[in-house]
Structure formats: C-alpha cells, structure tokens
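K.L.:
Sending over a structure as structure tokens; questions will come in a sec.
Nothing in this text is a laboratory measurement; each read-out follows from the coordinates by a stated rule. Small disclaimer: the values here were computed from a predicted structure and weren't measured. Ideal geometry is used to build each Cβ from the backbone, glycine not excepted, and the neighbour counts take in all protein chains shown.
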Amino acid sequence: MKFPEGGEIVAIPLFMTHDEKLKLKQEDSDKQFTFARVIEEEAGKIMIEIFKKTGALEANIDDILSSGLLMKPLFTVWSGVRQKRWKVVSKTINYNKIEDSAYNSIQLVLGGINDLRVWSAKDKRETPIHKSELHNYQLMGIYPPIQIERKINEKLSAVDVPEGGNGQ
C-alpha cells in the first residue's frame, strides 16, 4: 500500500462503534461521514485537518473544503485507511500545504505540564508557554483512528452541527 500524500481527502465514518476491527462496507456509502485532508506525512506520522462538513461518502468536495475546520490539525497514522475503516475519496489538485492548509500558522503543544512548549510548523521551533495558555492549542501526539473518531464525535456534539450541514 502506498504512503499518504498531501492533499488526499479521506472520509471518516461517524456511525461506527469504537471496534477497531470494523471496516467500511458498500452499503455504508449513504451514512454520515466527516472528512479530513492529509497535510503532510513524515516518518509514518500523518498531519491531517478535519473539516466541519458531514455527509454521505459522495459529498461534494468543494463543499467539504469550504466548510472550515472542525478542529485544529493533528497527527495520526494511516491504519484507518490501510484497515479499510477510512476511505480516500479525493485529492486536492496541485495541493500546496502552505496555501491550502495554512501550514505556516499550525502550532501544536508538546512537553510535560511543567515544560510546555509550542511547536511551530513554519520553522519547527519550540517556544515555552504557561499551562494557562494550553486551551489555545491542540496537543501534539499521534492519535489513532478510533481516538480521532471519538474526538470528532465529541466536537460535533458540542457544536451541534446539523446533519449534512457545515456547522456554520
């Protein structure tokens, strides 16, 4: 199986239980999905951005991309696709992570509670922050597909996105 490429758009099911062994079936295509785009892959970790748009597998790609982000970018692994739980549905043509995904403004927090630092994608620098600032950032980590599905469902419940809507 090939490695993920920047710009690939994947459908992430919103309807599956959190059993890692479940796979997408043909009859699932009309169920609810959310969509994510690969920003970059490096050494097996994949940075993705998750969009607000939810809908069937054949959702309009322009609607997905224009819906805005549901949450800040984060890292995952490609096992969701490899195990046929997530599905690559499209690819952004001539994808440019700086222009299409605002790569230079991505910041993630790493370190322990007494040594928190903000990592900047633009220059790979780390800047110390206080724990009171932690709520402004996504934690750096590599989230497995099941955990991402949980985070998405929690976020969608919190923002009360209407079915098929874009949450705006």
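K.L.:
State to the nearest 20 debye the size of the charge dipole of the chain about its Cα centre, where the only charges are +1 on K and R beta carbons and -1 on D and E beta carbons.
P.N.:
Working: 24 positive and 24 negative charges, 84 e Å.
Dipole about the Cα centre, nearest 20: 400 debye.
K.L.:
Sticking with this one: Could you work out the pair-distance distribution P(r) of segment 26-67 from its alpha-carbon pairs, with 10 angstrom bin width and percents rounded to whole numbers?
P.N.:
All Cα pairs considered, the percentages come to 28, 43, 26, 3.
K.L.:
A follow-up question, please. Rounded, prolate or oblate: which fits segment 1-91 when a ≥ b ≥ c are the square roots of the eigenvalues of the alpha-carbon gyration tensor, with rounded for a/c under 1.5 and prolate only if a/b beats b/c? Write down the numbers at each step before the final one.
P.N.:
On the way: a/c = 1.61, a/b = 1.08, b/c = 1.49.
Oblate.
K.L.:
Let me ask something additional. Relative to the first principal axis of the alpha-carbon coordinates of the chain, what is the inclination of helix 145-159, with its axis defined by its Cα atoms, in degrees from 0 to 90 and to the nearest 10?
P.N.:
Tilt of helix 145-159: around 90 degrees.
K.L.:
Rounded, prolate or oblate: which fits segment 80-136, taking a ≥ b ≥ c as square roots of the Cα gyration tensor eigenvalues, rounded meaning a/c under 1.5, else prolate when a/b beats b/c?
P.N.:
Details: a/c = 3.44, a/b = 1.73, b/c = 1.99.
It is oblate, given that a/c is not under 1.5 and a/b is not larger than b/c.
K.L.:
Could you name the aspartates and glutamates whose alpha carbon sits less than 16 Å from that of LYS151, not counting residues in the same chain fewer than 8 places away?
P.N.:
Result set, ordered by chain and number: ASP19, GLU20, GLU49, ASP160.
K.L.:
Normalise the Debye intensity by I(0) for the chain, one equal point scatterer per Cα, no solvent, then take log10 at q = 0.14 Å⁻¹ and round to two decimals.
P.N.:
Here the Debye-derived log intensity ratios amount to -0.73.
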